Structures are given as C-alpha cells and as structure tokens.
1. Kindly indicate which of B:138, B:97 is buried (at least 18 other Cβ atoms within 10 Å of the Cβ) and either over 19 Å from the mean Cα position of the chain (by Cα) or modelled with pLDDT of 95 or more (or both).
2. Going residue by residue through the range A:26-42, is there one that turns out to be surrounded by 22 or more Cβ atoms within 10 Å (Cβ to Cβ), within 12 Å of chain B (Cβ to nearest Cβ) and among the aliphatic types (A, V, I, L, M)?
3. Read through the list (1) touching a residue at least 12 places away in the same chain (Cβ under 8 Å); (2) touching a Pro at 6+ places or on another chain (Cβ under 8 Å); (3) crowded, with 18+ Cβ neighbours inside 10 Å, then give the number of the only condition that residue A:46 fails.
4. Within the set of pairs 6+ apart or on separate chains, which have a first residue in the range B:186-214 that is more than 7 Å from every other protein chain (Cβ to nearest Cβ), a second that is among the β-branched types (Val, Ile, Thr) and assigned to a loop (DSSP other than H, G, I, E, B), and C-beta atoms under 6 Å apart?
5. Would you check which residues across the range A:134-146 are part of a helix (DSSP H, G or I) and either of a type in the set (D, E, K, R) or at pLDDT 95 or above (or both) and list them?
6. Can you tell me which residue is farthest from residue B:258 (Cα to Cα) among those in the range B:200-228 that are out of contact with any His (no Cβ under 9 Å at 6 or more places or on another chain) and more than 14 Å from ligand 3 (Cβ to nearest atom)?
7. Which one is farthest from ligand 1 (Cβ to nearest atom) among residues in the range B:208-223 that are buried (at least 17 other Cβ atoms within 10 Å of the Cβ) and of a type outside the set (Gly, Ala, Ser)?
Amino acid sequence: MPVNNENWKPTIVAFCCNWCSYAGADLAGSSRLAYPADVKIIKVPCSCRVNPMFILRAFEKGADGVILCGCHPGDCHYSTGNYYARRRMTLLFSMLDYLGIEEGRTRVEWVSAAEGVKFSETMNSFVEKVRTLGPSVRLGDLRCKN
Amino acid sequence: MQELIHRAKSLLESGEVSRVLGWKKGENVFDVEPAFFATAEELENFVYNGFCGANLSKYMIEASTWEGKTLVFLKPCDTYSFNQLCKEHRIDREKAYIIGVGCKGKLKAEKLGAENILDVQGAGYPDCSDTLKVTTLYGEQEVAYKDAMLERCHVCKGKEHQVYDELIGESVDTCDADRFAEVAKIEAMSPEEKFAFFQAELSKCIRCNACRNVCPACSCRKCIFDSTKFDSNQKANTTSFEEKMFHIIRAFHVAGRCTDCGECSRVCPQGIPLHLFNRKFIKDINNLYGEYQAGVDIDAKAPLTSFRTDDAEPGVGRG
Ligand code: SF4
Ligand code: SF4
Ligand code: SF4
Ligand code: FES
C-alpha cells in the first residue's frame, strides 16, 4: 500500500550480530555516518540466533521492514552460524514472497565491524525501499478475508 | 483384508508382537479409525479398505514406550514418516514389526460427491474396482475410484516401501500429476494474486489444530501451539500473532522434515490445501540445496541443519 504522505517514516527492525554488524553500526555512529533514526537495532549474539519467528514477530509488533545483519560468510564469530541463518532466511523470504507479501520488506546483509559505511548505506537504501512500499499490512491481513 | 487379519493373528499368537496397530470398523465403510488390538478376538473389528488413508506412523511414538513389539500396517507413503521419526529418535525401530501393505490409492469420503451415504461398493482392498457404487438415502450413483482419491495419491512418491519387515498386497501406480505443478502455478502469479489466493484459503481456518495433531513431523512433546495456561493439548491462549502466523510457523517447523505424506491436507475440515506450504519449501530445498526427500535415508544430513559455503543468498533473484 504505497502512501503519498511524504512524511511517513517506516519502522525498521535490524537484527545485528554482536561481533560484526553491531560493531559496524557502532562504527557508523562514531564516524558520524547518517542512517535513519527509525531503524531499531536489536543485538543478537549471532545471526543464527534469529529464529524465523523473530522476523514474523517484528512485523506483528509493527515493523514495516526487517533486516538481518551478520558477519560475512566465513567470518562468523562462531564459525558457521551465519551459514545456517542464510538457509533459514532464504526459505523464509521465499515463503513470504510466495504468500504475496511485497518483496523488499525483508533483507539480509553481511556487514563487518570495519564496514561502518556499508552499514549506513545499507540502512539508508533499505529504509528507502520500505518507504516506497508503504506500511506493512498484508502479513497481518493474511487471515482476514470477510 | 483377510490376509492382513490372518497375519496379525498368527503374529499375536506366536508372541512375536504384543499388539496390532491398524484400523477398526466404524458405523460406515468410510468411518474407519486407527486402533490398537491386543487379542485375536478384538481383531473381529479390524478393517482394511480404501478409506484407510491415515498414516499410522505417529502412533508408534507412544507404542515405542510400551512393552513388546507392535505390529503396524504401513502404506508406501507412511513408511517415509516412519523413517523420519526414527531419524528424529521419536520411535524405536526395534519396537515395530512393519507389514508394508500395497496401495491402490486411498479415498476421501468428501470426494464421493454424495450425502447421506449408506454404503460404498468397490472400495475394498485388495479387491477394489475402477468404479465405486455409492448407495445413498436417495438411490445409487457411481463415481470413478480415481476421482475419489486423495490429492496426495495423484502425486504419489511411488509404491516402494522405505522400511518394512514383510510386504503384503499389490500396488497400482496412481500418479497422474506433477507434485510441484500447483506450487509453480502460484509462483507465477503476481504478488497481488498470490496474496488474494492465500488470504482466501487461510481465512477459512478455524484453528482446530487437526493439521498439527495429525502431522508426523509435529511430534514435539510440547508444541508452541499448546496452551500454556491450561493443561490441554489444544490451543486456548491464542494471541493474534499465533492466529495469523500459524500456517507459516508450522510449515517452517516441519521444513526439511516434512515427508509430504499429505495428512495435513487430508484432515483439514476446511479443505485448505496445506500441502501448498510444505511443497513450496520442499521445492525450494530441492532447487537450492539439492534433491532431498525426507524419510528416505535416515543418516542423510537434513537441509536446514547443514549448509554449503556457496549457498544462495536470501532474496537473490527477487525483482
Ligand atoms: S506437514 Fe503435512 S505432509 Fe508434511 S509431514 Fe506433516 S502432515 Fe505430512
Ligand atoms: S507446530 Fe511446531 S512446535 Fe508444534 S508440534 Fe509442530 S513442529 Fe512442534
Ligand atoms: S486443519 Fe485446517 S482448519 Fe484446522 S487448524 Fe489446520 S488449517 Fe486450520
Ligand atoms: S557472530 Fe556474526 S554472524 Fe555469527
């Protein structure tokens, strides 16, 4: 449901792993790189801590877009966590597409502790994408046909 | 059917098995229900016909905790679930004596296209006929056996039993459709069409939890859809989250473990094509991570508990 209201700001939830992406967000902050204040960062020990249900729950709680950030493949602090996360998110996102939830409300991005710039760019582009999609309605309406 | 009863009796009498897991007669020919039989006399009520679609594998979880072996009758598709449950250490192979029964396709009473049914002729096993004669309060009508078959029989994975101790009865090939054709059709729709389709289907759900209860992959001791407030195995404390996401969550919980046994779609009182969820995951897994059929190889690595370093990235290939 695209909105015309220029001032509408999407609510974005970003799950960031403690070791790389959260540090990347920190670096973005200390380097004074701008990213929208509507991004709510939730720190997780590792990207694979994110149960697919967390993503759904974030939408239920009002998120318009949910992004998962972790260490680059091969660099996970726990060696392989992000490989498992990758398969889970691939399947979950594919299912959401299949159900007709607008593509682009979910994303996975690998951001290292040194990539403050990538973090801020990723958030800016993700927020912009979700802003064009408008508020998330469909997931909550999946079972509401009169 | 007599052959099955005969074998059950002799296995009980020899002491090889302590009980039999099969089906017992109901009021009508299609009202068969899964049941345990402890003695030869009880087998009087044993029945086996085209309506014995239920997958008995899940009952073996409980039976695995009992003394002695249980004789269980499994169709080819049921044996995948049995294997999967062994893989997950939910049932004990040593506690089961498996008679693999041949299959000529199983029937769904709702597909007979009749009400007030008094009797159905031609739905026996092994002797069934191509045309079923349905006697109703209002007279007789005929329906092709094939037309009354469960959806899953039209996309049957094959008539090979994956695990058994002995085999009884012949099978016929019932597969006449592509298992993933319906999924592919939906994939080709626009997001709006997809959403309209699933919204219409899922809005019918009454949250009876029958799909969860029947599913062999849903064998968690404590399910997230159980009530935390009441000592009941049914949902009661539903939150809106649970209500809305039920189907996605359940499909995800069984992803990589669902054998596509078809039980969820068979039991849904609202006729929701639940297989469309599970098969979507199976199709994706096959495409992205290599062909995988749950319940074939007990030692195989499950797709969601393994990875390759060059796996596809989430959402790659989206518009
Ligand atoms: S989800 Fe459905 S098809 Fe899959 S194992 Fe469970 S009951 Fe069978
Ligand atoms: S829905 Fe999930 S938690 Fe419940 S039994 Fe199935 S797999 Fe287990
Ligand atoms: S069996 Fe059908 S109606 Fe019952 S909970 Fe499952 S999907 Fe809903
Ligand atoms: S610790 Fe960062 S993805 Fe595992």
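The values are calculated or read from the model by the stated rules, or taken from the named source; none is laboratory data. Small disclaimer: the values here were computed from a predicted structure and weren't measured. Positions of Cβ are generated from backbone atoms using ideal geometry, with glycine treated the same way; all protein chains shown enter the neighbour counts.
1. Result of the check over B:138, B:97: B:97.
2. no
3. Condition (2) is where residue A:46 drops out.
4. B:201/B:272; B:204/B:272
5. Scanning the range A:134-146 gives A:138, A:141.
6. B:228
7. B:209
Okay, residues lined up against (1) over 21 Å from residue B:109 (Cβ atoms); (2) among the β-branched types (Val, Ile, Thr):
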| site | (1), (2) |
| --- | --- |
| B:10 | yes, no |
| B:14 | yes, no |
| B:20 | yes, yes |
| B:29 | no, yes |
| B:45 | no, no |
